[in-house]
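The values are calculated or read from the model by the stated rules, or taken from the named source; none is laboratory data. Quick caveat: nothing in here was measured; it's all calculated off a predicted structure. Every residue, glycine among them, receives a Cβ derived from its backbone with ideal geometry; neighbour counts consider all protein chains shown. With ligands, DNA and RNA removed, areas are computed over all heavy atoms of the protein, side chains included. Shrake-Rupley method; radii C 1.70, N 1.55, O 1.52, S 1.80 Å.
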Amino acid sequence: MAQEQQDRRGGGERGGERRGGGGKGGGKGGSRGKKEEKEITYQERVIQIRRVSKVVKGGKKLSFRAIVVIGNEKGEVGVGVGKASDVIGAVRKGVADGKKHLITIPLTKSNTIPHPIVGGGGGANVMMRPAAPGTGVIAGGAVRTVLELAGVKNILAKQLGSGNPLNNARAAVNALKTLRSFNQVAEDRGLTVADLFA
């Protein structure tokens, strides 16, 4: 009886070793979880979903187009477009496209842009101006979504020309892409940042 109990205990110890091995596997799974967390840091917002049709030999082929803005609210933002036969597939493709076109923008300490800028995309133009802390995001439509996901907290923006959400989103990204920080301007001129304001 005593030997049987020892054998059982021994089996329990071996089982514990096996469980420990499973724990190591869990550790690897944990590292995968960290990678997933990095991906999750990007927020996604769908600006527009439209049903579009293409005329083919047999008639019309219906599909969906999704415009998606993706950003981490820390200076990175991108706009993507996806088309698929279903809405979920179109959004998924839009997110993948947005990740390919991510841009990094310079933000000041008050979470605004360094200088006024105008960007264009298609028939749309977007004008942006820096604002004092506490102003908030004064913008509308697709431009507001792009600015919020980029991490801009204080800004004045205005859509000029077209009201197309895709063109306005691309115009906003174009404007943000051409922004230059004070350090970059000083470096190009061969000055220090203090000399710029002297």
Within the stretch 54-117: Cβ-based charge dipole about Cα centre, in debye rounded to nearest 20 (Lys, Arg +1; Asp, Glu -1): 460 debye
Accessible area in the full protein assembly, largest first, 1.4 Å probe, for Leu196, Leu149: Leu196, Leu149
Probe 1.4 Å - accessible area at Thr104, Å² to nearest ten: 100 Å²
Long-range amide H partners of Ser110 with built H, under 5 Å: none
Whole-percent pair-distance distribution, where bins are 10 Å wide, for the alpha carbons of the stretch 82-127: 21, 27, 35, 15, 1
Arg129 - accessible surface, heavy atoms, 1.4 Å probe, Å² rounded to 10: 130 Å²
3J(HN,Hα) from dihedral phi, the stretch 66-80, Karplus parametrisation 6.51/-1.76/1.60, rounded to Hz, x for glycine, proline: 10, 9, 10, 10, 10, x, 10, 6, 9, x, 10, 7, x, 10, x
All Cα pairs of the stretch 39-125, percent lying beyond 23 Å: 38 percent
Cross-link pairs Lys99/Lys153; Lys57/Lys93; Lys74/Lys100; Lys99/Lys177 - those with Cα-Cα distance over 24 Å: Lys57/Lys93
Karplus-derived HN-Hα couplings along the stretch 129-140 (A = 6.51, B = -1.76, C = 1.60, θ = phi - 60°), whole Hz, x at Gly and Pro: 9, x, 9, 6, x, x, 6, x, 8, 9, 7, x
Simple spin-label estimate for Val56 and Ser110 in nanometres, 7 Å along Cα-Cβ: 5.5 nm
Interchain or long-range residues, amide H under 5 Å from Gly151's placed H: Glu73, Gly75
Relative packing of peptides 70-77, 95-102, 53-60 - highest average C-beta neighbours within 10 Å first: 70-77, 95-102, 53-60
Mean separation of Cα contacts under 8 Å, 6 or more apart, over the residue count of the stretch 98-198: relative contact order %: 31 percent
